[in-house]
Amino acid sequence: MKTKTAKNYTYNGLGFPIKLQNITLMLIDDEWSPRIDIRKIAVNAIRELPYQKERLTGHQIKFIRTYFEMSLREFASQVVSESHNAVAKWERFGAEPTNMDENIESMLRLYIIDKVSTKTKKQAQEFIKSFRIIREMSFIKKTPKPLLIRA
């Protein structure tokens, strides 16, 4: 079996692009395919998503929901406290950022961190540190407009 190494490879199998480095490619039926452990990539992706500087996309929301094996209704009520229609709408944004409220997105990011970490004292401290990082994130920078008062 022929193999080669790709220094940079973009994997789209989770619904959104993930850049991988130094990936072995195998020639299968005249097509180069990556030799990867998809579960390991999914675990790494779910651990990295909360710290992504950009807003979450619809594909990423769907990945998060399916990673935790939740229906639209379960995810809506148990995680984001929104309607399942709102979650479905976010997922339809596809590769584009959703228009979800920043506070809901922050809580979703914290939910992920909480779910993927265990509850040792050190990990609890890491969770608080992550909480502070996410609370300080500003997804949209807007300059307040002057207050208009009619004299």
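Quick note: the coordinates plus some simple rules give every number you see, no bench work behind them. In this text, all values refer to a predicted model and were calculated from it rather than measured experimentally. Positions of Cβ are backbone-derived with ideal geometry, glycine not excepted, and every protein chain shown enters the neighbour counts.
Take the cross-link list K2/K62; K7/K89; K53/K115 and give me the ones stretching past 25 Å between alpha-carbons.
Long pairs (Cα-Cα over 25 Å): K2/K62; K7/K89.
Label-to-label distance, D101 versus F127, with points set 7 angstrom from Cα along the beta-carbon direction: 2.3 nm.
How large is the dipole of region 37-119 about the Cα centre if only Lys and Arg carry +1 and Asp and Glu carry -1, each at its Cβ, rounded to the nearest 20 debye? Intermediate values should be presented prior to the final figure.
Numbers: 13 positive and 12 negative charges, 48 e Å.
So the dipole magnitude of region 37-119 works out to roughly 240 debye.
For region 63-74, putting each phi into the Karplus relation 6.51 cos²θ - 1.76 cosθ + 1.60 with θ = phi - 60° gives couplings of 4, 4, 4, 6, 4, 8, 6, 10, 6, 4, 5, 4 Hz, in residue order, rounded to whole numbers and with x for Gly and Pro. By the count of other C-beta atoms within 10 Å, a proxy for reagent exposure, M100, M70, M26 are ordered fewest to most as M26, M70, M100.
Only Cα pairs under 8 Å and 6+ residues apart enter the sum, and on that basis the relative contact order of region 37-119 stands at 38 percent.
Contact order for the chain, expressed relative to its length and based on alpha carbon pairs under 8 Å spaced 6+ residues apart, stands at 18 percent.
Computed from backbone phi, the HN-Hα couplings of region 32-46 come to 7, 10, x, 9, 9, 9, 4, 4, 5, 5, 4, 4, 5, 5, 5 Hz, rounded to whole numbers (Karplus: 6.51 cos²θ - 1.76 cosθ + 1.60, θ = phi - 60°; Gly and Pro given as x). For the options T120, T57, T66, a Gaussian network treatment of the chain with springs between C-alpha atoms closer than 10 Å singles out T120 as fluctuating the most. Scanning residues 5 or more positions from W32 or on other chains, none has an amide H under 5 Å from its amide H, with H placed 1.01 Å from N in the peptide plane.
Tell me the Kirkwood radius of region 37-119: reciprocal of the mean inverse pair distance over distinct alpha-carbon atoms, in Å. Could the numbers behind the result be given before it?
Values: mean 1/r = 0.0781 Å⁻¹.
Over region 37-119, the inverse of the mean reciprocal pair distance is 12.8 Å.
A straight Cα-to-Cα reach below 16 Å connects K122 with the aspartates and glutamates D114, residues fewer than 8 places away in its own chain not being considered. So what's the chain giving for Rg/Rh, alpha carbon basis, Kirkwood Rh from the mean inverse pair distance? A ratio of 1.08.
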